[in-house]
């Protein structure tokens, strides 16, 4: 059995354009006044065709439109890409098709058209529910607009998720608890809850270095993380991954492809992929800048700049790093099959005795204590 089948097969489409660049964001996003929609639609489909030529016969479990702001894509472009995926491969009958969206009123008005085109799940970048914090985060919507867009979304799509950022500037644990309870009262079946991090190359990083931006310290942020786990579990949306919470059965299938170490095609500027070909598994990278990617895709059918063969050790390490993020944990036997050697028993015993991991039912799981220091656990197991 090919190892990738244990995680499934997904298609990721990156739309790199935004209305404005958020000051905390280090994603590959760009502001453009005009976008040639017809050219981009044709180029993205051509890139998919190129990938399908070397991976025919796959069943696609999920499609994910990420960005950037994919809800700036015309609904006909989204529909055409979904149709292309179904033509090039076999689209599973229960395939999850997710579109990331920002809750501006104009984009919310498109939701029904996206649903008609084949999108069955939307992930909304709400980020905060109060206007001062939304303004501080550089968001272009206010709280009322976010709530209105959410109401439209939950009537248009089978499944709705939204993102919030915590440990924001000046935020307290109790303020976050109150905001989170409001979010949980709204939530349909899934929430993504991320701690604010200061990323290099962002406006927030510049302000932080100048002492003009203050965020809660590590202890305060950890307390907010604990509140997050407590409130979400009580509301019936436990964490199935470090930052993601869902009702049982409503987990993001596309993200599970990543975390369970399946295969995925990545098309569009800055998209990455993991592909199992006859000669082995490779990692793919594409051009970051939108215009060079577009030119390359039109010229040779792909904007890929690098394809790196993955060694057995690299595959095993990637699998462990991804799967230990999940509440279901890792399969040590699968790790051993990938690496050609087992995880070090003495180190697993030590981590278990120290309360960082739990071995049960043939799985290796990080405990609540361990998830906070997951990088240290990985370093201990892999060095």
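The values are calculated or read from the model by the stated rules, or taken from the named source; none is laboratory data. These numbers come from a predicted model, not from an experiment. Ideal geometry is used to build each Cβ from the backbone, glycine not excepted, and the neighbour counts take in all protein chains shown.
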Inset, instruction - Would you check if there is a residue in the range 88-99 being surrounded by fewer than 18 Cβ atoms within 10 Å (Cβ to Cβ), in a helix (DSSP H, G or I) and in contact with a strand residue (DSSP E or B) (Cβ under 9 Å, 6 or more places away or on another chain)? - result: no
Inset, instruction - List the number of the failed condition for residue 191; all other conditions in (1) within 16 Å of residue 101 (Cβ to Cβ); (2) surrounded by fewer than 20 Cβ atoms within 10 Å (Cβ to Cβ) hold. - result: (2)
Inset, instruction - Quickly run through the range 5-15 and pick out the residues that are more than 20 Å from residue 141 (Cβ to Cβ) and either in contact with a strand residue (DSSP E or B) (Cβ under 8 Å, 6 or more places away or on another chain) or assigned to a loop (DSSP other than H, G, I, E, B) (or both). - result: 7, 8, 9, 10, 11, 12, 13, 14
Inset, instruction - Please tell me if residue 120 is crowded, with 24+ Cβ neighbours inside 10 Å and assigned by TED's automatic domain parsing to the domain that holds residue 20. - result: no
Legend entry - Matching residues in the range 193-231 - criterion: being farther than 21 Å from residue 172 by Cβ and in contact (Cβ under 8 Å) with a residue 60 or more places away in the chain: 199, 200, 201, 202, 203
Inset, instruction - Could you check, for the range 312-326, whether at least one of its residues is more than 22 Å from the chain's Cα centre (by Cα) and over 30 Å from residue 246 (Cα atoms)? - result: yes
Inset, instruction - Would you point out which residue out of 73, 19 is touching a strand residue (DSSP E or B) at 6+ places or on another chain (Cβ under 8 Å), in contact (Cβ under 8 Å) with a residue 24 or more places away in the chain and surrounded by fewer than 19 Cβ atoms within 10 Å (Cβ to Cβ)? - result: 19
Inset, instruction - Evaluate the following for residue 20: is it outside the structural domain of residue 330 (by TED's automatic domain parsing) and modelled with pLDDT of 95 or more? - result: no
Legend entry - Candidates 78, 60, filtered to the one that is part of a helix (DSSP H, G or I) and either at pLDDT 95 or above or surrounded by fewer than 23 Cβ atoms within 10 Å (Cβ to Cβ) (or both): 78
Legend entry - Selected residue (only one of 184, 164 is within 19 Å of the chain's Cα centre (by Cα) and closer than 22 Å to residue 253 by Cα): 164
Legend entry - Qualifying residue in the range 315-329 (condition: within 23 Å of residue 54 (Cα to Cα), outside the structural domain of residue 68 (by TED's automatic domain parsing) and assigned to a loop (DSSP other than H, G, I, E, B)): no
Legend entry - Qualifying positions in the range 22-42 - within 18 Å of residue 268 (Cα to Cα), under 23 Å from the mean Cα position of the chain (by Cα) and touching a residue at least 40 places away in the same chain (Cβ under 8 Å): 26, 27, 28, 29, 30, 40, 41
Legend entry - Residue count, the range 265-309 (criterion: part of a loop (DSSP other than H, G, I, E, B), within 20 Å of residue 58 (Cα to Cα) and out of contact with any strand residue (DSSP E or B) (no Cβ under 6 Å at 6 or more places or on another chain)): 4
Inset, instruction - Please indicate, with yes or no, whether at least one residue in the range 126-145 is in contact with a helix residue (DSSP H, G or I) (Cβ under 6 Å, 6 or more places away or on another chain) and either closer than 12 Å to residue 71 by Cβ or outside the structural domain of residue 185 (by TED's automatic domain parsing) (or both). - result: no
Legend entry - Given (1) surrounded by 19 or more Cβ atoms within 10 Å (Cβ to Cβ); (2) within 30 Å of residue 296 (Cα to Cα); (3) in the same structural domain as residue 52 (by TED's automatic domain parsing), number of the condition residue 237 does not satisfy: (2)
Legend entry - When residues of the range 154-186 are limited to those that are out of contact with any helix residue (DSSP H, G or I) (no Cβ under 8 Å at 6 or more places or on another chain) and under 19 Å from residue 119 (Cα atoms), the one surrounded by the fewest Cβ atoms within 10 Å (Cβ to Cβ): 155
